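> The structure is given below, and queries will be raised subsequently.
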């Protein structure tokens, strides 16, 4: 297993609506899914995923889940 460092992106892509989606591990051991636009910055809500985005996000979440508890 690779060590996932807080703040390092697990996945980083543009969704189907052109928003930047980033999945990051947090210091508390959670996965945070963030969406941003160049105009508005950080947004709430859910990304609009195409099949490739969904696959990348799924792989990132599996990697996060398989990491195991932090010591």
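Computed from the coordinates by the stated procedures, all read-outs in this text should not be read as laboratory data. These numbers were taken from a predicted model, which means no experiment stands behind them. Because the Cβ atoms are built from the backbone with ideal geometry, glycine has one as well, and the counts that use them run over all protein chains shown.
> Could you sort 27-34, 16-23 so that the peptide with the highest average Cβ count within 10 Å comes first and the rest follow in order?
16-23, 27-34
> While we're here: Using the 10 angstrom Cβ neighbour count as an exposure proxy, how do 15, 66 rank, fewest first?
66, 15
> What is the projected area of the convex hull of the Cα atoms of the stretch 9-71, averaged over all directions, in nm²?
Taking a quarter of the hull surface, the average projection is 4.4 nm².
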